[in-house]
Amino acid sequence: MKNILVILLLLVTYKSTNAQGAYDVARIQPDLLKNASVIIRMEDQNYEVKNPGSATLQYKTVITILNKNGEDASAIHEFYDKFSSIYNLKAILYDAKGIKIKEYRNADFKDRSAVSDGTIYDDSRIKYLEILNNTFPYTIEYSYSIDYSGIRSYPSWYPSSSWGYAIEKSEYTFKIPETMTFKYLKSKDLKTDSLKIKDKNQYKWSCQNIKAIEYEPLSVGLRNVLPWVMVAPNTFEFDESKGNIENWKNVGSWLYSLSSSSQLLPDAARAKVRSIIKNAATPKEKIKLLYNYLQSNTRYVGVQLGIGGYKPIAAEKVFSVNYGDCKALSNFMKAMLQEAGIKSDLVMIGNDMPSLNTKYASLNQANHMILCVPMEKDTTWLECTSQYVPAGFIGNGNSDKTVLLITDKGGKLAQTPTYSPANNFQKRVATVHLDAEGSAAITIETKYGNAQYEDNMGMLYMEPTEQRKRLINSLSIPNIQMESFSFTQPDKELPVLMEKISLKCTQLLTKGGDKLFLTLNMLNRQEGTITTIDNRKTFFAVDYSYQDDDEIIYTIPKGYKLEYVPADIILESEFGRYTAKAVVKDDKITYTRTKMMTNKKYPPEKYNEYVAFSKKIYQSDKQKTVLAKVE
Amino acid sequence: MKITKFIAPLLLVFCAISVSAQDKQTLRKKFEKYGVVELSEFKTTVSGPDSAASAVVLFDTGVGYFEPNPSTESLNYIFERHIRYKIFSKAGYDYANLELRMLQYNGRKTELKIIDGATYNLDNGKIVISKLNKEAKFSEQEDKNYTLEKFALPNIKEGSIIEFKYKISSDFLFSIDPWYFQRKIPTLYSNFSIIIPSDYQYKEITGGYIELNRTEPNKNYLNTQGVQNNFPMHLEYVAKNVPALKSESYITTMEDHVSKVEYELSSYKIPGKMFYQVTSSWPLIAKELKDELRFGYFIRKTGNSKIVVKDLIKDEKNPDTVVKKILDHVKNNLMWNGNYNFFTSELSLKAVFDKKSGNSADVNLSLMILLKEAGIEVLPVLISTRSNGTHPGYPMLSKFNSLILQVKIGEKYVLLDATTKNSSPDIIAYEHLNHFGLKVNAEKEVGEWISLEPQNISKKTTSYVLSLGADHKLSGKLFITATNYHSLSTRNKYLSSNDENDFLKNYKSNKPGLQITNYKIENVNAPYQALNETMDVVIEDHMEEAGNVLYFNPLLFDKTEENPFKSEERNFPVDFAFPHEETYRISLDLPKEYEVEKMPKTEKFTLPEGAATFSFVAAQQDNKIAITSKITINRAVFTSEEYHYLKELFKSIVRKQAEQLIIKKI
């Protein structure tokens, strides 16, 4: 009886608040509005596992968009595929006072394919609705249900994943039959409520009154400051395949079972492999020759349907069409190596994603597949979708990651190579002949290694007109007359790019009377400065460690003498090291600059120190020398 | 011989079909033999500027003709194509993936009838053929109206020759897709032929700067066959050695510069029924618009606009104020949804206001209804947006894609556009600034081209009044005044920021050392007036010390860093969209212990006919320095012949604005 009363009371209050506009913007606590462009008024994610192969999701959210910056949040899009169906789509638009303006139903939502870039075909689709309103703030409520008829993963919960989002209330309820086990990973300090309801176990996570965080540069993410939960199955059924992924070993076993029968090569392919390696003496040479064959004969074409998202196309098939996705090409390479008597393992990896969590096995921590050729001393890692990189170079996005080797004995965690600052180098020597008019003849020779090679390798394959346009745009030299330029990879076996440029600059020096001003660091200045942040919240890091060494040799014009040469600079901090000096001999100034940065993850409170360091580099890079006319 | 009226049309139909069948054979002869590749084709190279192309089109042959469609009793347009490439490098592999987009709309459709493809590789001097197989054909339902047919060829290598052959049948006869003679890679040979039945009249539009050889091959043959106008029109175009098309900055769209031919239906006859004029003159287009549900009908369906307008303008008599009030009302209540169209998406003003958003026609024609209700003389102006390209000028409705309004206030004409929230009368959206528009009086069934060039130059003045402190800091005031498009850009930035701090943070982000206090902005919500900003500023880290001299760039943060015109030559005009002027002033007080060692010289640069000017004026009196830099671009468009002057002008701007000012401690 008591219970009924409470429910009745609740209903009454609900109704009456609704009439006044439950989503009236005036009801938002003032401190939530600070730095916010979007307020999540409420979010309710209700996921129920029925059995290993099916589940349902009920979702509802109410979002207030405060200003133009938050407009992206007003677009609703939900993905689905052959193994999921969306229904009960509904959206309501409210004005600032929380008064209903318009209602949208299933039919108002548009439907289109959601095939991602680089993929020629998969079955993912999207239902979407764009709600537009010219008066801020406004509020959108929307809800939908999804039935899953195939499971690979359970939904995660990231109530806020963007800058400028504040949350009034968000909740994730997860239900699973008591006969099934699962696992979850959550943010620190987040409470888990669990209880048993009939034959189901229910888990609940929630958060309230989370303030918005203003954008912070170089951030490695908001996960250390905001609540989140990741949930994953131990057993599942998907597209007629049963999987157990309780731990990484089992993930490996499942993936191995999907690929183990796909490595048979037809006789023609086997003969081809034998002929390619017939003169190779060492396994290393064989790997290189077969990898080169792979690069010059295949290309990336992504086709992923159902289990095809995990199961590679058979090697035989790849041999006949010479294309495939990352799994197909890695698997084909594995088959060729096998024919050459070399054992290799497929590798599940999150390219440009965090490392696999060693204690938490799930499929959605990876998005890519490469190949690992274990050797006693010198394990080789092969990125099989690139037609360009040298054998063994896997690129910045794959480096320094915990990954899963898919072996006949199940999954084995391993670590991909790390590139040090010295690996990711830029070495440059330039000569600059100045004349009295302020114009200059300049030659520049630069070598880029590893990650910096990767950043610039696009230049190797561009048409000269395009190369030229990009060069002129990227060089910070005014009034360029390009004479010649070339981009080469001197040694096909090494991830090193060589750039040679020769140009004339009609106005390099800035004039001020009979004095000429010359910015010594002509080519590699740190542009702009970042500003300090009080009370920063998130960790930060630069994209990758690197080391830049620049040497510029200036020949000063006849009739001028050096009036001022800046002093040497050495800057050192835990973030990196910077030196700059100018040495004068006869009519030559040799300017050398070194800059080494490490991409360690730094805690938020160190940011202002980083800013100070960065500012010093900025100022040091602006140093000018003054030339004066000899009287 | 007497032929009854009933039989004659039938005969004509047969006649047309038989000619069509016969001509199809001649057309087909144009095709290179599919599947037959010569060894010599593998030796193809490209020289000159395109020598590093990733691939080359060896030939591209297309034919278009019409066939009766038994189920619709109308004709279908059939397009057949055979294209062959040689791939030079891995960057050219993408040409081995073909994607064709098929339209379905209102029960009508385009349909892919035949597709064939193959890869040819040289293996030890022998040609190895790999055919496009069934598993490499994919059909993706992109959305309600479009299906993507995708194909991936096998065994692609550097040096491969690939080809595709396909046939598409279309129920849509109104416009025929353009045939492009030019693309991002060079084309050695391109040939397009089309046979248009005598009952159909199409407007032919060609574009681009490549020389086309256009012929009418069967003219003589037709003349010997009796009554000429009963026979089809046969056109053929050939282009050889077409260079790759490369993009430039300050353009409308590359679509304006690519070589192509396309057609739009202007009239047709259905034998035995009647003659239909589709579009062939501006009056006819105006009439069509008048009778169109989503144009003429929309405008006439005034709904409750009388009450709305009465409520809005009350006793206001001044037409300027009336126009502004109504424009504001529409801008505040309707949001442009990002789509351009000259037909509304809704059927009435009420429906648009219910939805609170709409395409450019929804928004602007709603505005028109309200203005008319208020007694303002107003007409729609059809526009082809900058991205849609320049309208060819012929009476072709399909080449427009948007609309704005023109009102007459007293004796002056003013353009209105409600798609941009912070705009004002005569300030239309940037995309609409495509130089010409067609003013349509649907009721009177007339159309007239009008100029869309902004009447007033957009100005921005940045003035610093500063003094140099002992600590080498510059401090003082900054005043910024902006009009028209310059003020629109600041308004958009300000009003889309979270708050003023957020706006200032962005403003400061590329101005290292600048600190702002006491910021004030005036007229941010009054787009009809100049936008004024004032603030107190302190600038650190700007003065450089070298011995006993201090030097700095007086342009502070407003220096033109780079010449936007880098290419030596240019094939297209430079299109700035609107004329504009940027003035920069600085007045600086020096401390007593300093004197000026070197001032930059006063200089002035002017383009022929004063189309653009740059002046740099430096003056000094005692310890006061005043410098003014002014860039004036008086025209929106400069021809490719004038490009060189512009390039030189900007070169001078970059050089002059980089000059340092030197002061010396006494």
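Side notes on the structure shown:
- Using alpha-carbon coordinates, inclination of helix A:607-621 to the longest axis of chain A, degrees: 30
- Shielding of B:150-156 by partner chains, average beta-carbon count, 10 Å: 6
- Set against the 2.2 N^0.38 Å expectation for a compact globular protein, the stretch B:282-451 has a Cα radius of gyration ratio of 0.94.
- Remark: B:L379, A:L195, B:L504, A:L516 ranked as A:L195, B:L504, B:L379, A:L516, counting other beta-carbon atoms within 10 Å and listing the fewest first.
- Translational diffusion coefficient (Stokes-Einstein; Kirkwood radius from C-alpha pairs) of the stretch B:458-665 at 37 °C, 0.692 mPa s, in µm²/s: 176
- Per-residue 3J(HN,Hα) values for the stretch B:163-171, derived from phi via the Karplus relation 6.51 cos²θ - 1.76 cosθ + 1.60 with θ = phi - 60°, read 8, 10, 9, 8, 9, 10, 10, 10, 7 Hz in sequence order (x marks Gly and Pro).
- Look at the alpha carbon pairs under 8 Å that are at least 6 residues apart: their mean separation over the length of the stretch B:368-505 gives a relative contact order of 17 percent.
- With Cα atoms defining each centre, the stretch B:186-209 and the stretch A:283-355 are spaced 46 Å apart in the structure.
- Working from the Cα coordinates of the protein assembly as shown, the gyration tensor eigenvalues give, after taking √(5λ), semi-axes of 48, 45, 41 Å in decreasing order.
- Sorted from longest to shortest, the spans of the Cα atoms of the stretch B:487-580 along the three principal axes equal 49, 43, 22 Å.
- With Cα atoms, 0 to 90° folded angle of helix B:360-373 axis to chain B main axis: 70
- Radius of gyration, Dmax [the stretch A:22-238; alpha carbons; angstrom]: 18.1, 51
- Overall Cα dimensions of the stretch A:242-415, principal axis frame, Å, largest first: 45, 34, 28
- Here, P(r) means the percent of Cα pairs in each 10 Å bin from 0 to the largest distance; for the stretch A:425-629 it is 8, 30, 32, 22, 7, 0.
- For the pair A:E631 and A:N473, a Förster radius of 51 Å applied to the C-beta separation gives a FRET efficiency near 0.80, rounded to the nearest 0.05.
- Pairwise FRET efficiency - A:T506 versus A:S486, Cβ, R0 = 22 Å, nearest 0.05: 0.45
- Inter-chain shielding of B:455-465 (mean C-beta neighbours from other protein chains, 10 Å cut-off): 0
- When the Cα convex hull of the stretch A:174-224 is projected onto planes of every orientation, the mean area is 4.9 nm².
- Gained length - A:N608 relative to A:I570, 0.36 nm times residue gap less alpha-carbon distance: 11.7 nm
- When the listed pairs A:K504/B:K508; A:K278/B:K134; B:K331/B:K460; B:K246/B:K601; A:K34/A:K401; B:K109/B:K137 are checked against a 30 Å cut-off, the alpha-carbon distance exceeds it for A:K504/B:K508; A:K278/B:K134; B:K246/B:K601; A:K34/A:K401.
- Length-normalised contact order of chain B in % [C-alpha pairs under 8 Å, at least 6 apart]: 9
- For the listed peptides A:135-145, A:415-425, a ranking on the average number of other beta carbons within 10 Å per residue, highest first, reads A:135-145, A:415-425.
- Length added when fully stretched, B:E500-B:Q141, from 0.36 nm per residue minus Cα-Cα: 124.7 nm
- Other-chain or far-sequence residues with amide H under 5 Å of B:T385's (modelled H): B:N401, B:S402
- With neighbours defined as other Cβ atoms within 10 Å of a residue's Cβ, the residues B:V46, B:V465 order from fewest to most as B:V465, B:V46.
- Ordering of A:530-537, B:440-447 by burial proxy (mean other Cβ atoms within 10 Å per residue, highest first): B:440-447, A:530-537
- Förster-model FRET efficiency, 30 Å R0, B:D116 and A:N106, C-beta, rounded to 0.05: 0.15
- Mean residue ellipticity, 222 nm, helices only, chain A: the sum of -39500 (n - 2.57) across DSSP H runs of n ≥ 4, divided by residue count and rounded to 500, is -5500 deg cm²/dmol.
- Under the criterion of Cα pairs below 8 Å and six or more residues apart, the relative contact order for chain A equals 10 percent.
- Restricted to Cα atoms, the stretch A:520-580 shows a radius of gyration and a Dmax of 17.1, 56 angstrom.
- The Rg/Rh ratio for chain A is 1.04, where Rg is the radius of gyration of the alpha carbons and Rh is the Kirkwood radius.
- Across the stretch B:186-198, rounded Karplus estimates of 3J(HN,Hα) from the backbone phi angles (6.51 cos²θ - 1.76 cosθ + 1.60, θ = phi - 60°) give x, 10, 6, 8, 9, 9, 10, 10, 9, 10, 10, x, 4 Hz, Gly and Pro being marked x.
- Isotropic mean projected area of the C-alpha convex hull, the stretch B:63-183 (nm²): 9.1
- Label zone at A:T418 (point 7 Å along Cα-to-Cβ), backbone N below 17 Å, the stretch A:533-576: A:540-547, A:574-576
- Under the Debye formula (equal points on every Cα, no solvent term), log10 I(q)/I(0) of the stretch B:617-666 at q = 0.13, 0.17, 0.23, 0.27 Å⁻¹: -0.49, -0.69, -0.96, -1.13
- Mean shadow area of the stretch A:174-259, taken as a quarter of the surface of its Cα convex hull (nm²): 8.9
- Separation between Cα centres of the stretch B:64-86 and the stretch A:420-481, rounded to whole Å: 51
- Taken residue by residue and averaged, Cβ atoms of other chains lying within 10 Å of the Cβ of B:652-664 number 3.
- Shown in residue order for the stretch A:79-94 are the 3J(HN,Hα) couplings computed by the Karplus curve 6.51 cos²θ - 1.76 cosθ + 1.60 at θ = phi - 60°: 8, 8, 8, 4, 9, 8, 10, 9, 8, 6, 5, 8, 9, 9, 9, 10 Hz (x for Gly and Pro).
- Looking at chain B, the pairs of alpha carbons with a distance over 41 Å make up 47% of the total.
- Once the Cα-Cα distance is subtracted from the 0.36 nm per residue extended length, the A:R525 to A:S257 segment shows a gain of 91.2 nm.
- With contributions of -39500 (n - 2.57) from each DSSP H run of at least four residues, the per-residue ellipticity at 222 nm computed over chain B stands at -5500 deg cm²/dmol.
- Summary of packing: across the peptides A:461-469, A:293-301, A:272-280, the per-residue average of other C-beta atoms within 10 Å ranks them, highest first, as A:293-301, A:461-469, A:272-280.
- Between the C-alpha center of the stretch B:409-457 and that of the stretch A:141-175 there is a gap of 47 Å.
Coordinate-derived values only; no laboratory data. A quick note: this is a predicted structure, and the numbers were derived from the prediction, not measured. Don't worry about glycine lacking a Cβ; one is built from the backbone with ideal geometry, like all the others, and counts go over all protein chains shown.
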